[in-house]
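Reading through the structure tokens given below for one structure.
Every number in this text was worked out from the coordinates using simple rules, so none of it is lab data. The shown structure was predicted, so the numbers you read here are calculated from the model rather than taken from an experiment. Glycine gets a Cβ as well: all are built from the backbone with ideal geometry, and neighbour counts include every protein chain shown.
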Amino acid sequence: MASKASAPASHPREVLQVSCVQMHWAKDLEENVAKTLGYVGRARSEGSDLVLFPETNLTGYDFDYVIGLPANAVKNALKVVAKKAAECSIYVIVGSLMRRRGDRLLNLSHVIAPSGQVFYEYAKVHMAGSDERKHCRPGNKLALFKIAGHLCTLIICRDGRHPELYRIPAMAGAKVLFHSSCSSEAIEGVSWKRLAGRAQQPIGPNTFIYHCVANTVGQSRDGTQTSSGMSFIKDPTGLSLAEAGFYQEEMITARLNLKKATGRFALASMEHPRILRRFWKQMVVEALKHAAAPVR
């Protein structure tokens, strides 16, 4: 399904209800799609305007399995979810590992409108584990698109360690960061992340926008890796509106009053120190210039 460069026209509304789904990261395509469809329907039945899924929730993040998937199977899975989004009249953000050209995969987020149109796509910029570095190539843009008339942004997992990927969009006026993640690694590593607080740190305190994270749970097929769970929806202050647990698949939901998301901390960085002002403004210009470029 072809991605479009701009979102369908819509009128801004003050409150957006968002659901974030926490799913297992090492299951087969058919099971992943079935669960995704179920959660889309559930999110709509609970009144949500948008439902966010974890990194590569359609294909899973098990590269030994994914590299054997036919490209058409992944594309058809996306079409099935897009059809469900149209049936439920809800925004949906799903992820996949997909080939677009050449022999390397792209780690993609697909943003689907309530019409069923895949109107925006973003490719992960910063690769994480050795398998991803071996099999994937990075994207080359910052995400900026509209949901219900409001500018938003998104990142994927490791991208969260690179604040320019969301602070520049916040400077451009983005009110919500959608963050799809698969925070999987050795069991010891995940344990330390939990002891340290969480795998993904809240971005409100350095932007003052909303932060919605959909992470994964569960172990790899060989039992050597696990995932940290702990999906959350954070207020611009950095305080939690909803949080998920460590181990179970589940959905969390919160209402975002978008008037509150001023981005004031990011905007302050554009003004001082003055010696950097013109560079920040130029970066915003470049981010906006390339945001609509199709992912290939």
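Observations
- Paramagnetic reach from residue 259 (point 7 Å along Cα→Cβ, amide N under 19 Å) across the range 15-55: 15-18
- 222 nm mean residue ellipticity, helices alone, for the chain (DSSP H n ≥ 4; -39,500 (n - 2.57); rounded to 500): -9000 deg cm²/dmol
- Relative pair counts by distance (%), Cα atoms of the range 194-258, 5 Å bins: 4, 19, 23, 23, 15, 9, 5, 2, 0
- With the convex hull drawn over the C-alpha atoms of the chain, the volume per residue is 120 Å³.
- With R₀ fixed at 25 Å, the C-beta to C-beta distance from residue 115 to residue 13 puts the FRET efficiency at about 0.90.
- Beyond 28 Å in Cα-Cα separation lie the following of the pairs 75/193; 134/234; 146/234; 83/146; 83/193: 75/193; 134/234; 83/193.
- Peptides ranked, highest mean first, by Cβ atoms within 10 Å: ranges 272-280, 178-186: 178-186, 272-280
- Percentage relative contact order, the chain, counting C-alpha pairs under 8 Å, at least six apart: 22 percent
- Sequence ranges 37-46, 65-74, ranked by mean other-Cβ count within 10 angstrom, highest first: 37-46, 65-74
- Evaluated at q = 0.11, 0.19 Å⁻¹: base-10 log I(q)/I(0), Debye formula over Cα of the range 159-286: -0.44, -1.00
- Between 49, 235, 103, the Gaussian network model of the chain with springs among Cα atoms under 10 angstrom shows the greatest mean-square fluctuation at 103.
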